[in-house]
Amino acid sequence: MTEAVLEALRPRPGGRYVDGTLGGGGHAVAILAASSPSGWLSGCDRDGAAIEAAARRLEAAGFSGRFELRRGNFSEMVEWIPPASGDGVLLDLGVSSPQLDEADRGFSFQRDGPLDMRMDLRQPLTAAEVVNSWSEVELVRIFREYGDEPQARRFARAIVQDREARRFQTTGELAALLERLAPRHGKKKHPATRVFQALRMTVNDESRSLQSGLAAACALLKPGGRLAVITFHSYEDRMVKAFGREHTLDYTFPGEVDVPEQRQPRTPLLKWVQRKAILPSEKETAENSRARSAQLRVLEKI
Ligand SMILES: C[S@@+](CC[C@H](N)C(=O)[O-])C[C@H]1O[C@@H](n2cnc3c(N)ncnc32)[C@H](O)[C@@H]1O
């Protein structure tokens, strides 16, 4: 999605940009290159390894002196980046390829590793704790809410029964149980996909981070500045759409229900740059299967 992100953010020399999800630094490099020779990038990631890798990559690409990177949640960017200073903010949500590829991080059901899934290794909550000690009711809730898992109840019950005999230690043990319960019969999608997504979102409190991260990103933008958000599944995309809908309205209404007679006019905070989500090109999905479910939405500060 790099080209689409550059089209959305329109980096230019002297512009100030924020990458709230540095990951391997791919988008950060593209933004700094497109805003050469004087564009500035503030970047963050919750993952210490990502910050180190991105810093090395940006320096190797010759951008020393044009960026500041900090480890932390993008919802806290307002604590170190001046408000209304940004020409563009990027949030490229979810996990990075290095996180998925490294078995020890415990994000992948395809690589056996400890049930961890923490983006920030300093936090105490791990996937093992959720799987081994949260109640069946809680497991059903997160599998449904964050994973849209149709078999949430059946999976949660099986996990709770299984863990009476042993503690789930690895991603492989959990994936094997789910595969036994819902054999693939040639289907491409692994039966653990939705459960792993739900666990990852729970461990990293991703829903709450996104809610406050979107507000933080808006606060950092100057008028005319743009927010580009890449999501990878429907729960995240629904949140971005709802945020956009709320802040592009030119009126408010009291309470929960929008009654036309009770509307109060106001100047909206944002406008959609494009109504529909931007999808990856065929070339991108052919080159990178993980890009298949990506969607980009772009808002502009008024
Ligand atoms: C899809 S990757 C980003 C890839 C990056 N755009 C690139 O070009 O390499 C997502 C990254 O966002 C980070 N992340 C996810 N949620 C975050 C949050 N709330 N605050 C900061 N970083 C977050 C993850 O640790 C991961 O490194």
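The values are calculated or read from the model by the stated rules, or taken from the named source; none is laboratory data. All values reported here derive from a predicted model rather than from experimental measurement. So basically every Cβ, Gly included, is an ideal-geometry build from the backbone, and we count neighbours across all protein chains shown. The protein model used for the area step is the full one, side chains on, heavy atoms only, and it has no ligands, DNA or RNA in it. Shrake-Rupley method; radii C 1.70, N 1.55, O 1.52, S 1.80 Å.
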Can you run down the residue pairs with Cβ atoms below 6 Å, 6 or more apart or on separate chains, where the first is in the stretch 3-24 and within 24 Å of residue 282 (Cα to Cα) and the partner is open to solvent by 10 Å² or more (accessible area, probe 1.4 Å) and away from the ligand (no atom under 13 Å from the Cβ)?
4/278; 6/34; 8/226; 9/226
Under 6 Å by Cβ, and 6 or more places apart or on different chains, what pairs join a residue from the stretch 196-215 that is farther than 30 Å from residue 176 by Cβ and among the basic types (Lys, Arg) with one that is surrounded by 20 or more Cβ atoms within 10 Å (Cβ to Cβ) and at pLDDT below 95?
none
Exactly one condition in (1) aromatic (Phe, Trp, Tyr); (2) over 20 Å from the mean Cα position of the chain (by Cα); (3) assigned to a helix (DSSP H, G or I) is false for residue 168; which is it?
(3)
Selection within the stretch 255-302 - charged (D, E, K, R) and part of a loop (DSSP other than H, G, I, E, B)
256, 258, 263, 266, 275, 276
Scanning the stretch 96-118 residue by residue, those closer than 20 Å to residue 205 by Cβ, of a type in the set (A, V, I, L, M, F, W, C) and at pLDDT 95 or above turn out to be 107, 115, 117
How many of the residues in the stretch 282-302 are touching a residue at least 40 places away in the same chain (Cβ under 8 Å), over 12 Å from residue 228 (Cβ atoms) and either open to solvent by 40 Å² or more (accessible area, probe 1.4 Å) or not hydrophobic (A, V, I, L, M, F, W, C) (or both)?
5
Sole residue being open to solvent by less than 30 Å² (accessible area, probe 1.4 Å), free of Cβ contacts under 8 Å to residues at least 40 places away in the same chain and either closer than 29 Å to residue 146 by Cβ or not polar (S, T, N, Q) (or both), chosen from 32, 91
32
Keeping to the stretch 55-84, report how many residues are under 25 Å from residue 211 (Cβ atoms) and either surrounded by 15 or more Cβ atoms within 10 Å (Cβ to Cβ) or modelled with pLDDT under 95 (or both).
11
Which one is surrounded by the fewest Cβ atoms within 10 Å (Cβ to Cβ) among residues in the stretch 1-22 that are in a loop (DSSP other than H, G, I, E, B) and not small (Gly, Ala, Ser)?
13
Pairs needed: first member in the stretch 234-250, surrounded by fewer than 15 Cβ atoms within 10 Å (Cβ to Cβ); second member anywhere, among the polar types (S, T, N, Q); C-beta distance under 8 Å; at least 6 residues apart or different chains.
250/267
Suppose we filter the stretch 174-188 for residues that are open to solvent by 100 Å² or more (accessible area, probe 1.4 Å) and under 21 Å from residue 127 (Cα atoms); how many remain?
1
Among the numbered criteria (1) more than 16 Å from the chain's Cα centre (by Cα); (2) under 19 Å from residue 95 (Cβ atoms), which single criterion is violated by residue 258?
(2)
Filter result (free of Cβ contacts under 8 Å to residues at least 60 places away in the same chain, within 13 Å of residue 202 (Cβ to Cβ), open to solvent by less than 10 Å² (accessible area, probe 1.4 Å) and not small (Gly, Ala, Ser)) within the stretch 141-162:
143
Give the residues of the stretch 200-254 that are among the β-branched types (Val, Ile, Thr), in contact with a strand residue (DSSP E or B) (Cβ under 6 Å, 6 or more places away or on another chain) and part of a helix (DSSP H, G or I), sorted by residue number.
240, 248
